[in-house]
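Notes for the one structure printed next.
A short reminder: the numbers here are calculations on the coordinates, not readings from a lab. Since we're looking at a predicted model, the values are computed, not measured. For neighbour counting, all protein chains shown are included, and Cβ atoms are generated from backbone atoms with ideal geometry for every residue, glycine included.
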Amino acid sequence: MGKAKQALNLALVAIIAATFIYSVNFTMPEFGTFPTREINGKVENSVGQLYLENATWQTGAANVVTTIVWGYRGYDTLGESTVLFTAVIGVITVLRAMRRDE
Amino acid sequence: MMAGMTVIVKTISRIMFPFIFLFGVYIVFHGHLTPGGGFPGGVIIAASVAMLILAYGLERIQKSTSFLHAEVLDTLGSVAIVAIGILGLIFGAYFLETVFPLGVFGQLFSGGNFLWLYIGVGIKVAAGILLILFAMLMWDRGEHK
């Protein structure tokens, strides 16, 4: 790799890093606030604020992440574990079939 | 093929195994209280057994645990998750509804379904990851039928 190409790569990395740092520092909302959305002039808070306020008394669990994963998004997690189950079955099936071919 | 490592590695991994296993169980059981849950806890449990396989070799481990054990546990975990979901359908209004008591906030037996769901997920993930490991270790030797 030539010296010019190397310098170009470094400059590209620096520009991308500067963009990320600028966007995180100056354009993101403050820590602890949730982005609001605006549709047809109506301003509405995001669903995250609702989860934070209601999670503990609705489910009794201290971990809000768990509340979302198994409480509000239970079907998603059920599908997630189904994906893992299917992956395990797939690996075993493929390896057995490879064995039989020899 | 895999004969195992030196006596130093064997001793250290034998001493460390119960602690790592217990840490995985802790992560699974406290999924509704602290960061963690069934998926990472199950992977930690599987990693503790993988460490024993690395240290002792596959032959020694196969005497105590086998392909069939892992298969049965993997299926049992999946069935447990769906069974808890159907419990919500029977005793409540919808699938996966909380039917167990909510309990005192912050204690181990609180949070309704979550503890039991995470125990099911933990068993399922640990057995599933181990099953993939066993299958990859054994496929070129034809020991699984």
Chain B: radius of gyration over Cα atoms, expressed as a fraction of 2.2 N^0.38 Å: 1.22
Hydrodynamic radius (Kirkwood) for segment B:9-50, which is based on Cα pairs only, to one decimal in Å: 10.3 Å
Value at 222 nm in deg cm²/dmol, rounded to 500, when DSSP H runs of n ≥ 4 in chain A each add -39,500 (n - 2.57): -20500 deg cm²/dmol
Segment B:110-139 residues near the modelled B:Tyr26 label - backbone nitrogen below 16 Å, point 7 Å along Cα→Cβ: none
Number of partner chain Cβ atoms within 10 Å, mean per residue of B:120-129: 3
Gain on full stretching of the segment that runs from A:Lys42 to A:Thr27 - 0.36 nm per residue minus C-alpha separation: 3.2 nm
Shape call, segment B:48-126: gyration tensor on alpha carbons, a/c limit 1.5: oblate
Largest to smallest principal axis extent of the C-alpha atoms in the protein assembly as shown, angstrom: 71, 68, 40
Coarse-grained scattering of segment B:83-145 at q = 0.21 Å⁻¹, given as base-10 log I(q)/I(0) from a Debye sum over alpha-carbon atoms: -0.83
Stokes-Einstein diffusion coefficient of chain A, Kirkwood radius over Cα pairs, 4 °C, 1.567 mPa s, in µm²/s: 67 µm²/s
Span-like helix ranges in chain A, DSSP H, alpha carbon extent 18 angstrom or more, Kyte mean at least 1.0: A:3-22
Shielding of B:89-99 by partner chains, average beta-carbon count, 10 Å: 2
Shielding by other protein chains, A:85-92, mean Cβ within 10 Å: 6
FRET efficiency, 1/(1 + (r/R0)^6) with R0 22 Å, evaluated for B:Val79 and B:Leu102 via beta carbons: 0.30
